[in-house]
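Working notes, structure below.
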Amino acid sequence: MPRYMVERTFPGGLEIPTTTEGRKAMLGVVENNTVEQVFWVQTFVTDDHSKTFCVYDGPSPEAVRRAAELNGLPVDRISEISVLDPYFYVEK
Amino acid sequence: MLLEREELLGYLADRLVDAASGRGSLVLVAGEAGAGKTSLVRAFVDALDDSPLVLLGACDPLTTPRPLSPVRDFSQQLPGLDLERDPIDVFADILERVRHTIRPVVMVVEDIHWADAATLDFLRYMGRRIGDSKGVLVCTYRDDEVVGTHPARQVLGQLAPLSSTHRLHVPALSIDAVAQLARDTSVDPEELMRLTDGNAFFVTEVLASGGELPATVQEAVLARVSQLGERSRRVVEGVSVAPRSLEIAHALAIADASPDDVDAALSAGVLVGDGHALRFRHELARAAVEDALPPARSLGLHLRMLEILEHDAERDLARIAHHAIRAGRSDLIVEHAPAAGDEAAAKGARYEAVKFYRAALRYPEALGPERTARLHLKLGMELRALDRPGDSEVEVRQAIAGFRRLELVEELANALGQLQASLWNLRRFEEGWAAMNEALQLLESLGVTETLGYTLYRVAHHHMLSRHAAPAFEYVEKARRIGEQLGSRTIAWVSLMMEGTTHIVVGDADRGVELLRRAVAEADRMDNRGFVSAGLGMLGSGGGEARRYEVAIEALQRGIDVALAIDEDYTVAYNRSWLARIAFEQGRWDDAVRYAELVERTTLQREGIAYITAMSALGRVRVRRGDPGAVDLLEEMTALSKSHEVQHGWNAVCGLAEHHWLADRPEAAIGDLEFTYRRALDTDSQWARGEVGFWMWRLGRIQEPPDGAAEPFALQMSGDWEGSAAAWREIGCPYEVATALADGPPEAKLEALDILDRLGARPLGDRIRNELRSQGVDHLPPRPSDRTLANPAGLTDRQLEVLRLIAEGLGNDEIASMLYISKKTVEHHVSAIYTKLGVATRVEAARAAARIGVGNRGVTAPG
């Protein structure tokens, strides 16, 4: 299954409190994703919380878009990605 | 007694209440064999008062099922329902009654895991439309059998997401329930549970066999039968070889028994009465008895059934053929299976027709060489319609060899024409053309024949596919004249259809639309669904190519309904692929993706034009959205399409050109583009010349539009961006409007940006933003991602729409039907809205909507 980087912008900043509410919001996303068979691996967030970079596994970019719509999340750009490991080049 | 089923019964009763107020539903009742699905449905039906109309139907475990068996069952209670009509008309008639009745209607179709193709079409048809009727359609099936490539699985998959579809699962009995059933016996509930896994049928059967716990359930069933007298037992055995049920009169005849013997079998609980017929209480019991029959006894019973059914006034061909096949007697199979196959083929039940023809073809000696050759040809034609051209070729070649040996010249020429059609689907055009030429030579020696007329039409078809106007019209005319000489309605029709098709793709498109509409209407009058489907397919795909979208979409959608009803899987897939391409061109990209994915999931021919057309549309959506996966997909489609005609490949090639142009490396696209451009110039197709020419121009390979390029492309290439934008607006292609506007001054570019942002066309939008910035234009509109969040509370456009409807007091069902999305999707949107607004109820959501200015009237709470 291909891996995608999904870039999103939150001009007002993204806040997810570490409370029951926050937990519920996270679980909601995960549950919605199962409808489209996409899996949220992890997300990197900028310091000002205005941009996120989300790593997703999924069958197609279209499935990632539909999941975003279900979750009410914006999508700026979807790229297919693979891993470059810097230490792979280091002599052992 | 129905243990642990109250909740399921209550659920069914609720569906009936909904149906009475015009909210019908399809209820899929799943469970393993013997779980108690039938008992559940019967308990539901038995508890109804007189108000609903109840229609009971079932599918049969025949080697090859009788087409539309449940609908035939229904018809006994639907006066005036004419089953001899087209299945689609029969379905529409039933739907009409269920929509306009005063009483709610409960329709039961049992055992759809045995359904024939036509019955599955019925379920698909009703399932999609039942939501606004007064019907509850209850279907039972064994979910452990509907797996893998089972034909019912696809239908269930299509119906499951609809908000009017409900699923019930009948679980195994719990140990408590088993203990309660075994209460007054000496049987150990734990042992009973171990033997039966809580299977309701097994539990009751084992308990009824009395005394000791048997080693197997089959033993339990046979133990009950063995307690019967000799003649009663013969009745039971007779019923066991009849799938589903056996008429009482036939049962008496086959067992040489008296009504008392039947009564004995009934009162022992081995058989149950079902109107004028007898059946086992469960299919598992029938199978147990049939499996235990000695071979000679089984053969004798099948032969006797054949004899009885042959003298029956109704002459049920599928049932007769079933017993012939089970008896394994070649003389009887070749006598009965071909007729059953013809009947199935005429009804459009192609899978069933194939099974019957194959059964007969196992005995070529008994058939004789001429019938064998004819059956091979019929089988080949059915297989081609089922999207299996390779298998079709094998059969048609057998037919050709047979006709050659028998020196049946006209039949041989006809078979060669069929071979060409199968080879075309296999993309072996040269070979097909050779077969066609041989056919023409053979026919010219025979004078004016129907086959000559048909072959001339096929030649015209070939030229139309190559997009060569003059020879296509020439052969259409030749065919038409033969049709006139012979007074043949068939030849007249195919000529009319081909003239219209040629016009729509390489002639006068308006005239083409008019002729094809006339052809479809004439096919309707002739009551020939194959012709209706062919005419609609040409109007849809040709209309799409000529960008007559409204006409095309209507034809494609009706074409899909008709093709589904006659198992033309190839046409279904091809029509859907054109819906994908049209949706792409109209900027309805979510729809384009959905159609393309549907084709990908359902088409068998991974190299065929339906797949290429659908995947090219998907690839082009990715290009225009800037999504990954576009290049690989379009390169694959470009490679596949090289052995097809140019019209099947130009979309993928232009998509690649667009992608590389957007990425500022146009040289990567040149090779394929120039090859395709040369091919386009070898046609009379203005849209091929226009679109491929446009990309040649955009990449700087040509300076002027080629002759005969379609107007909107030609205008833009000539520098008239305004005229081009107006032409595209008229046709209804928003992305192309923006592309033309982008060639204009800054005001036009800003207008283009607005269109592109709404489409979600990021790459071209970014490109135009850069151009504007370098031209010194400030105040660019914010990028759409920033704007989405300018929506109140960070809701997406779709969520705002849903919130507005919530604020108007609509329920999820109503919202789903207003927005044409499933109820499940609405529920997801609603929960996302709640989270973002920090609310927990609809009333709170409506208040929040008023606060942030969404929705407009009457929802502001007091205070």
Could you please state, rounded to a whole Å, how far the C-alpha centre of region B:37-87 is from the C-alpha centre of region B:120-197?
17
Asserting the computed 222 nm helical MRE of chain B (DSSP H runs at least 4 long, -39500 (n - 2.57) per run, divided by residue count, to nearest 500) equals -21000 deg cm²/dmol
Could you compute the net charge surrounding B:L120? Neighbours are other residues with a C-beta less than 11 Å from the C-beta of B:L120; K and R count +1, D and E count -1.
-1
Using Cα centres only, tell me the gap between region B:271-298 and region B:585-648 in whole Å.
51
Output wanted: per-residue J couplings in Hz (rounded whole) for region B:185-202, from phi through Karplus 6.51 cos²θ - 1.76 cosθ + 1.60, θ = phi - 60°, x for Gly and Pro.
10, 8, 6, 7, x, 5, 4, 4, 4, 5, 6, 10, 6, x, 5, 4, 5, 4
Working from Cα positions, state the angle (0 to 90°, nearest 10) between the long axis of helix B:409-425 and the longest principal axis of chain B.
70
Charge dipole magnitude, Cβ of K and R +1, D and E -1 - region B:569-664, Cα centre, debye nearest 20
200
Spatially near lysine pairs across the protein assembly as shown, Cα under 22 Å, sequence gap of 8 or more or different chains
11
Can you list residues from other chains, or at least 5 along the same chain, whose modelled amide H is less than 5 Å from the amide H of B:D274?
B:R279
Test item: Cα-centred dipole of chain B, Lys/Arg +1 and Asp/Glu -1 on Cβ, debye
1240
Go ahead and set up a Gaussian network model of chain A, Cα springs under 10 Å, then flag whichever of A:R66, A:R23, A:R77 fluctuates most.
A:R23
Once you list every other residue whose beta carbon is under 12 Å from the beta carbon of B:V241, what net charge do they have if Lys and Arg are +1 and Asp and Glu are -1?
+4
How far is helix B:217-226 tilted, in degrees, relative to the longest principal axis of the Cα atoms in chain B, given as a value from 0 to 90 rounded to the nearest 10?
40
Residues whose modelled amide H sits under 5 Å from the amide H of B:V29, counting only those 5 or more places away in sequence or on another chain, are B:C139, B:T140, B:Y141, B:L168
Once you treat every alpha carbon in region B:211-313 as an equal point and sum by Debye, what is log10 I(q)/I(0) at q = 0.19, 0.21, 0.25 Å⁻¹?
-0.89, -1.08, -1.51
Putting +1 on Lys and Arg Cβ atoms and -1 on Asp and Glu Cβ atoms, find which of B:A318, B:V270, B:I553 reaches farthest to the positive end of the dipole of chain B.
B:I553
Could you give the semi-axes, largest first, of the ellipsoid that matches chain B, computed as the square roots of 5 times the alpha carbon gyration tensor eigenvalues and rounded to whole Å?
54, 41, 21
Per-residue ellipticity at 222 nm for chain A, helices alone: DSSP H runs ≥ 4 residues times -39500 (n - 2.57), over residue total, nearest 500 deg cm²/dmol?
-9500 deg cm²/dmol
Could you point to the residue in B:T185, B:W493, B:S298 farthest towards the positive end of the protein assembly as shown's charge dipole, with +1 and -1 charges on the Cβ of Lys/Arg and Asp/Glu respectively?
B:W493
Relative to the longest principal axis of the C-alpha atoms of chain B, give the angle of the C-alpha long axis of helix B:450-465, reported between 0 and 90° and rounded to the nearest 10°.
50
Centroid-to-centroid separation of region B:456-525 and region B:349-372 [C-alpha atoms, Å]
34
To the nearest 20 debye, what charge dipole does the protein assembly as shown have about its Cα centre, counting +1 at the Cβ of each Lys and Arg and -1 at the Cβ of each Asp and Glu?
960
Name the residue from B:H659, B:V599, B:S641 whose Cα lies farthest towards the positive end of the charge dipole of region B:536-663, charges +1 on Cβ of Lys and Arg and -1 on Cβ of Asp and Glu.
B:H659
Around B:G300, under 14 Å between beta carbons, what's the net of Lys plus Arg minus Asp minus Glu among the other residues?
+1
Starting from the Cα gyration tensor of the protein assembly as shown, take the square roots of the eigenvalues, sort them a ≥ b ≥ c, and report rounded, prolate or oblate (rounded when a/c is under 1.5, otherwise prolate if a/b is larger than b/c, else oblate).
oblate
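No lab work stands behind these numbers, since they all come straight from the coordinates. Predicted, not measured: the structure shown is a model, and the values here were computed from it. Glycine gets a Cβ as well: all are built from the backbone with ideal geometry, and neighbour counts include every protein chain shown.
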